Amino acid sequence: MNSFFRPQTLLEDRQYNALSLRESKGLSISHWRRGRLFFRKPLVIALTVILLGFSAKVFAEPIKLGYAALSGAQVASWMAKEGGYLSKYGIQADLIYIPAVAATQALIAGEIQLAQVTGVSTSGAILAGADVRIVASSLNRIVGSIYARPEIKSPEDLKGKKIGISRFGALSETAVGIFLERFGLKRGTDVAIIQLGGLPEIVTAMEKGSIEAGFASPPNTSRAKRLGMKELFDIDTLGIELQQTCITVTTRYLRERRAVVKSFVQAYAEGLHRFVTDRDFSLRVMKKYLRVDDKEMLDDTYGFYSARVQKIPHPTLKGIKFILDSLAESQPRARKVAPESFVDLSLLQEIDQSGFFKQLWKN
């Protein structure tokens, strides 16, 4: 499984420039005396650990994190990476785009160590027997809209038509289910559900006429509008508490690398703080990961999510309960399990007790 690209971060750019400068002056390690190198190298490492506040237990710990959508809802992990907060806590992270439920599958298979996914895919995996848990959250409500081609004037016009989602078991399927139920449309009978792989692909399919409607969230909502698509229903107006975007980890990895996961959650929280408080930097980060070079679309995406993300990345048990209730018809076991069993809140509790969140948002 490969990422589509791995651009340099701002911190890596600085390191590259510093290295180029050193080489231009003709300095190389071969010019140093062995005795000085023997004593200096441990000293440099020790000073780096002290000055940057690294934890020895997680120093230079490599991880792979899969994020599940090209949507502004995924911004927290991008901010943690690009803002240097993961490096600050000694985590060397590769962020990989793995669409929808495939990210959860990659986590279970051990191909990645952490996944930024939806509570829908995580809950489905746990119900199926996967030993994974939610440890942090950046979005605790369902947001997004149902858009349709211009000729579709109302939800009733979708009878006999096709509506697009990213993949079965993904948040987009849950959102479409909520929409259909609200307007009395029956899946399969009135409307065909078509999976298209990712959120940008849904808008593209509407543009080409392959489907008549589909789920969209910023920045894809802005693109849909520009293409002349009509917003049939804004699901965000329902105010449904639902575990949308969260960090998931296997219990084994949490047990064996607890210090790493705890440091990741702290970096994640700092990324959320930077997102809310630094608009210009956030726009640059979203431009990079969303592969969107349109200022208006980026502005819309920032305005939308900066007002909705969690300041403290605490999962929502009520939101997990909503997911379980919606899954109960197809998976009866969902009626018998407690939302508390889908999360591990111990890391957040430790971090909170240390005063970390209070200090982070002090100003």
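Laid out as a table, the results:
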item: Chain lengthening between residue 338 and residue 156 when straightened (0.36 nm per residue, less Cα-Cα); result: 61.8 nm
item: Computed lengthening from residue 279 to residue 251, 0.36 nm per intervening residue step minus Cα-Cα distance; result: 6.6 nm
item: With every protein chain in place, region 68-213: carbon and sulfur % of accessible area (1.4 Å); result: 47 percent
item: Scattering curve values for region 213-363, log₁₀ I(q)/I(0), Debye with Cα scatterers, q = 0.10, 0.11 Å⁻¹; result: -0.49, -0.59
item: Solvent exposure of region 146-210 as accessible area per residue, Å², 1.4 Å probe; result: 46 Å²
item: Peptides ranked, highest mean first, by Cβ atoms within 10 Å: ranges 119-125, 337-343; result: 119-125, 337-343
item: Kirkwood hydrodynamic radius (C-alpha pairs) into Stokes-Einstein, region 151-256, 37 °C and 0.692 mPa s, D in µm²/s; result: 222 µm²/s
item: Å² per residue, accessible surface of region 75-132 at 1.4 Å; result: 26 Å²
item: Sparse-neighbour loop sites [trypsin sites (Lys or Arg not before Pro); region 115-161; at most 11 other C-beta within 10 Å; DSSP]; result: 153, 159
item: Region 185-256: trypsin sites (Lys or Arg not before Pro) in DSSP loop, at most 11 other beta carbons within 10 Å; result: 186
item: Additional length obtainable on full extension of the chain from residue 208 to residue 325, 0.36 nm per residue less Cα span; result: 38.6 nm
item: For region 140-210, diffusion coefficient by Stokes-Einstein and Kirkwood Rh (Cα), 25 °C, 0.890 mPa s, µm²/s; result: 198 µm²/s
item: Alpha-carbon centroid distance for the pair region 271-292 / region 69-83, whole angstrom; result: 7 Å
item: Distance (nanometres) between label positions extended 7 Å along Cα→Cβ at residue 234 and residue 291; result: 2.9 nm
item: Chymotrypsin sites (Phe, Trp or Tyr not before Pro) within region 153-232: DSSP coil, no more than 13 neighbouring Cβ in 10 Å; result: 168
item: Residue-normalised accessible area of region 310-355, expressed per residue, 1.4 Å probe, Å²; result: 58 Å²
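The values are calculated or read from the model by the stated rules, or taken from the named source; none is laboratory data. Everything numeric here is computed off the predicted structure, so don't read it as measured data. In this analysis, Cβ positions are derived from the backbone assuming ideal geometry, glycine residues included, and neighbour counts consider all displayed protein chains. The area values use the complete protein model at the heavy-atom level, side chains included, leaving out ligands, DNA and RNA. Shrake-Rupley method; radii C 1.70, N 1.55, O 1.52, S 1.80 Å.
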